[in-house]
1. For D35, state whether it is open to solvent by 50 Å² or more (accessible area, probe 1.4 Å) and either under 29 Å from K139 (Cβ atoms) or assigned to a helix (DSSP H, G or I) (or both).
2. Report, by residue number, each residue of the stretch 130-182 that is open to solvent by 70 Å² or more (accessible area, probe 1.4 Å), part of a strand (DSSP E or B) and either at pLDDT below 85 or of a type in the set (G, A, S) (or both).
3. Between W254, W239, which is within 14 Å of the chain's Cα centre (by Cα) and farther than 19 Å from H46 by Cβ?
4. Looking only at the stretch 233-281, how many residues end up being among the hydroxyl-bearing types (S, T, Y) and either in contact with a Phe, Trp or Tyr (Cβ under 7 Å, 6 or more places away or on another chain) or open to solvent by 60 Å² or more (accessible area, probe 1.4 Å) (or both)?
5. Check I23, I72, I2 and return the single one that is outside any helix (DSSP H, G or I), open to solvent by 40 Å² or more (accessible area, probe 1.4 Å) and touching a strand residue (DSSP E or B) at 6+ places or on another chain (Cβ under 8 Å).
6. Only one of F36, F74 is more than 13 Å from the ligand (Cβ to nearest atom) and either among the acidic types (D, E) or in contact with a helix residue (DSSP H, G or I) (Cβ under 7 Å, 6 or more places away or on another chain) (or both). Can you tell me which?
7. Would you mind finding the one in A97, A57 that is open to solvent by 10 Å² or more (accessible area, probe 1.4 Å) and among the hydrophobic types (A, V, I, L, M, F, W, C)?
8. Which strands (runs of 3 or more DSSP E) does the stretch 208-273 wholly contain that include 1 or more residues that are among the basic types (K, R) and away from the ligand (no atom under 16 Å from the Cβ)?
Amino acid sequence: MIISFPIKSNIDSRRSARSYKMISVEKVVMESIQDFVKSLSVPFDHNVEIKFFNANATKTLYTNMLSPPDNIAFVAETDIISISKVGFIGELLILFAQSKGLSTCWYGHYKLSELESLMPHLQSTDQLKESNMGYGYSKGVTTGRRVICITPLGYYEDGGLRLVDRITKKTSSFKRKDIKDLLENPNDYDKLSDDVLYALDLGRKAPSAANSQMWKFAFENSFKTITVAMTVGYKHFKWEHPNVDIGICACHVWLGLIDKGYNPSVTVSEDSGRAIWKISI
Ligand SMILES: Cc1cc2nc3c(=O)[nH]c(=O)nc-3n(C[C@H](O)[C@H](O)[C@H](O)COP(=O)(O)O)c2cc1C
């Protein structure tokens with residue numbers, strides 16, 4: 001598998017941006033993103049669609065910031081495996097955009113009625129009613145294909161923050177748990193190879209809703225298989241779809257192993273309401 005952007009540096013430099021210049025993405029850059037989408041290949045079957053759409057400079061769609069002109073939506077069915085694949089595939093695109101100097105932010109809570117007017121995609125009006133208090137798509141598995149998450153795509157607007165604010169903002173947004181705290185069995189730590197530790201380090205840096213970092217790592221097959229999943233019964237009071245985040249983390253682990261020269265195989269299955277990713281070398 002060939003990844004067309006530097007893996008570690010883009011993972012390390014990506015941050016969620018919630019302030020954008022109100023200008024369109026340069027044409028050549030947009031074309032490179034569209035080409036990336038067309039040629040995107042992952043080591044599993046999927047039905048995820050990446051749709052580009054334009055928005056007006058209002059706070060209606062994202063509510064906590066103005067929409068830049070260019071945006072992307074990830075469309076899929078709403079079962080656990082499909083939304084987890086949205087995480088994996090969407091994150092590849094987000095990291096590619098990062099490598100092109102663009103900023104992004106995963107959004108699970110957006111104004112669905114506004115999205116539907118900007119980018120009609122729902123198959124019935126009932127689908128609009130299912131959204132939680134008007135934000136996001138619905139509480140759980142529901143009918144049809146629909147947008148799972150969206151992201152703005154554009155140029156970060158510094159907003160004149162003082163240097164000290166910028167530094168505190170950056171460090172607080174990039175706070176992550178240590179690998180040891182993410183192992184299902186902490187005693188495994190001393191048995192992990194440098195390559196596996198490298199992949200887990202990229203995995204722990206994945207973005208997650210409210211920075212919840214709900215993933216746990218475990219091992220099979222003499223540590224040649226890394227599993228990424230949340231613990232049984234995990235719930236977050238504000239975010240209804242943590243399996244999206246699990247797919248994002250699995251993507252980072254997979255990229256980490258690719259960066260170390262492996263061609264890992266990837267499977268995802270469902271168990272007790274969770275997506276279980278297995279990445280094997
Ligand atoms: C699946 C997902 C959904 C998210 N939804 C929102 C959202 O609705 N609103 C928001 O402001 N940020 C959202 N975020 C961004 C997270 O808050 C952010 O990724 C996390 O705090 C870590 O910060 P970082 O991305 O800068 O590393 C979401 C992130 C993920 C992965």
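1. Details: open to solvent by 50 Å² or more (accessible area, probe 1.4 Å): yes; either under 29 Å from K139 (Cβ atoms) or assigned to a helix (DSSP H, G or I) (or both): yes.
Taking the combined requirement at face value, the residue satisfies it.
2. Matches in the stretch 130-182: Y135 only.
3. Details: W254 fails: farther than 19 Å from H46 by Cβ.
On inspection, the qualifying residue turns out to be W239.
4. So the first thing to find is which residues in the stretch 233-281 are among the hydroxyl-bearing types (S, T, Y), and the list is 234, 262, 265, 267, 269, 272, 280.
The next check asks that each one be either in contact with a Phe, Trp or Tyr (Cβ under 7 Å, 6 or more places away or on another chain) or open to solvent by 60 Å² or more (accessible area, probe 1.4 Å) (or both); those that pass are 262, 265, 267, 272.
Summing the residues that are among the hydroxyl-bearing types (S, T, Y) and either in contact with a Phe, Trp or Tyr (Cβ under 7 Å, 6 or more places away or on another chain) or open to solvent by 60 Å² or more (accessible area, probe 1.4 Å) (or both) in the stretch 233-281 gives 4.
5. Details: I72 fails: open to solvent by 40 Å² or more (accessible area, probe 1.4 Å); I2 fails: touching a strand residue (DSSP E or B) at 6+ places or on another chain (Cβ under 8 Å).
Answer to the check: I23.
6. Step by step, each of F36, F74 is checked, and only F36 is more than 13 Å from the ligand (Cβ to nearest atom) and either among the acidic types (D, E) or in contact with a helix residue (DSSP H, G or I) (Cβ under 7 Å, 6 or more places away or on another chain) (or both).
7. Numbers: A97 fails: open to solvent by 10 Å² or more (accessible area, probe 1.4 Å).
So the residue among A97, A57 that is open to solvent by 10 Å² or more (accessible area, probe 1.4 Å) and among the hydrophobic types (A, V, I, L, M, F, W, C) is A57.
8. 216-220
The values are calculated or read from the model by the stated rules, or taken from the named source; none is laboratory data. These numbers come from a predicted model, not from an experiment. Neighbour counts run over all protein chains shown; Cβ positions are idealised from the backbone, glycine included. For the accessible areas, the whole protein counts, side chains as well, though only heavy atoms, and no ligand, DNA or RNA atoms are used. Shrake-Rupley method; radii C 1.70, N 1.55, O 1.52, S 1.80 Å.
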